[in-house]
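The values are calculated or read from the model by the stated rules, or taken from the named source; none is laboratory data. As the structure is a prediction and not an experimental result, all values here were calculated from the model. Every residue, glycine among them, receives a Cβ derived from its backbone with ideal geometry; neighbour counts consider all protein chains shown. Just the protein is used for accessible areas: all its heavy atoms, side chains included, with ligands, DNA and RNA removed. Shrake-Rupley method; radii C 1.70, N 1.55, O 1.52, S 1.80 Å.
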Amino acid sequence: MKLPQLLYDYYERRLVKSLKGQKIPAHVAIVVDGNRRWAKQFNASSGHGHQAGVEKIHEFLGWCRDFGVKTVTIYMLSTENVNRSKAELDELLGIIARLMDHLDSDESISVSAMGAPELLPDYLAERLIRLTQHRPASEKLHINLAVGYGGRREIVDAVRGLLRDAVAEGKDIGVLAEELDAEDISSYLYTSGQPDPDLFIRTSGEQRLSGFLIWQSAYSEMYFCEVLWPAFRKVDFLRALRDYAGRHRRYGY
């Protein structure tokens, strides 16, 4: 084994040891950013970068299970991403479909969908619906797949759903407006019934939400990592967990 690998393994063990007895986030949200820039470094196609990114997701989910994370929300495709070139989009959607097939075969994972299925090709929307109906024999991890997702759209959809139900129940809209609170809207979000993310990770050096979980991440701890997503290593994840463990969560106070 080469010296750099020995040092890497030693550092990884040190990080793991430092996390013993520390608080671990129950819900991790992640923006898997940098696939195309990673591929460009090797003069490879965007599709090659997206495929490498999906393979990294498989690894990442394994790390999450190992450390007791219960829920992972992954930003796979935004409402803006559907405007990319047809060739790139078709390739990316095919890669996402293969990820869904992999998740469907895992008996320890359950999946919820987040986004607008009408923005997706029929085959992918149908596959996503089937995936959400899968009930694992022994669930260890729940995954929210954000495909065709936009944070503002999610809030608009939530308000629409709330108003439609109110009208159907014959409620007075004026009274509803006076009584409306944050919990009412939360109950109509794509993540209804789930805890908000404890830790929000974004790779590639970008330090913005890009519309991801605008409502739910109000009190999430943010961790921005310089590394491009396909190059994201276990030590990068361990550093994020260590950083989270060292923070005092104030929830706005």
Compute the acute angle (0 to 90°) between the alpha-carbon long axis of helix 151-168 and the principal axis of greatest extent of the alpha-carbon atoms of the chain; round to the nearest 10°.
30
Calculate one ³J(HN,Hα) per residue across the range 32-46 by plugging θ = phi - 60° into the Karplus curve 6.51 cos²θ - 1.76 cosθ + 1.60, and present them in order as whole Hz with x for glycine and proline.
8, 9, x, 4, 5, 5, 4, 5, 4, 4, 10, 6, 9, 6, 4
Please compute the alpha carbon radius of gyration of the chain, then divide it by the globular-protein estimate 2.2 N^0.38 Å. Two decimals is fine.
1.08
Per the helix-only calculation at 222 nm, which mean residue ellipticity applies to the chain, given -39500 (n - 2.57) for every DSSP H run of n ≥ 4 and division by its residues, nearest 500 deg cm²/dmol?
-14500 deg cm²/dmol
Length-normalised contact order of the chain, Cα under 8 Å, at least 6 apart, in percent, tallies to 28
Mind telling me which of Gly148, Gly161, Gly53 comes out most flexible in a GNM of the chain, alpha-carbon contacts under 10 Å?
Gly161
Per-residue ³J(HN,Hα) for the range 111-125, Karplus 6.51 cos²θ - 1.76 cosθ + 1.60, θ = phi - 60°, Hz, x for Gly and Pro
9, 10, 9, 10, x, 10, x, 5, 7, 9, x, 3, 4, 6, 4
Can you give the accessible area of Ser192 in Å² (nearest 10), computed on protein heavy atoms with a 1.4 Å probe?
60
Spatial separation of Cα centroids for the range 58-78 and the range 96-125, in angstrom
15
With the full set of protein chains in place, find how many percent of the accessible area of the chain is carbon and sulfur; take the probe as 1.4 Å.
50
Subtracting the Cα-Cα distance of Ile129 and Ser45 from 0.36 nm times their residue separation yields 27.3 nm
Count of lysine pairs in the chain with Cα atoms under 30 Å apart, counting only pairs 8 or more residues apart in sequence or on different chains?
27
Taking θ = phi - 60°, what integer Hz values does the Karplus form 6.51 cos²θ - 1.76 cosθ + 1.60 yield along the range 23-29, in sequence order, with x for Gly and Pro?
6, 10, x, 6, 10, 10, 9
Keeping all protein chains in place, calculate the accessible area per residue for the range 137-253 (probe 1.4 angstrom), answer in Å².
53
Tell me, what is the per residue accessible area of the range 1-108 in Å², probe radius 1.4 Å?
53
For Ser112, other-chain or 5+-apart residues with amide H closer than 5 Å (H placed, Pro excluded) are Ile143, Asn144, Leu145
Using a 1.4 angstrom probe and counting only protein chains, how large is the accessible area of Asp184 in Å², to 10?
60
Taking Phe67, Phe42, Phe232 and ranking on accessible area (1.4 Å, protein atoms only), highest first, one gets Phe42, Phe67, Phe232
Would you pull out the residues with amide H under 5 Å of Ser78's amide H, same chain only if 5 or more places away, H placed 1.01 Å from N?
Gly148, Tyr149
Hey, in the GNM for the chain with a 10 angstrom Cα cutoff, which one of Ala137, Ala116, Ala52 fluctuates hardest?
Ala137
Using a 1.4 Å probe on the protein heavy atoms only, what accessible surface does Trp215 show? Give it in Å² to the nearest 10.
80
Once amide H atoms are placed 1.01 Å from N in the peptide plane, what residues at a sequence separation of 5 or more from Glu221, or on another chain, have their amide H within under 5 Å of its amide H?
Leu199, Phe200
Which longest run of the chain has no exposed loop site in it, a site being GluC sites (Glu not before Pro) in a DSSP loop with at most 13 other beta carbons within 10 Å, and the site itself not part of the run?
1-79
Which length gain, in nm to one decimal place, applies between Val16 and Arg208 when the Cα-Cα distance is subtracted from 0.36 nm times their residue separation?
66.3 nm
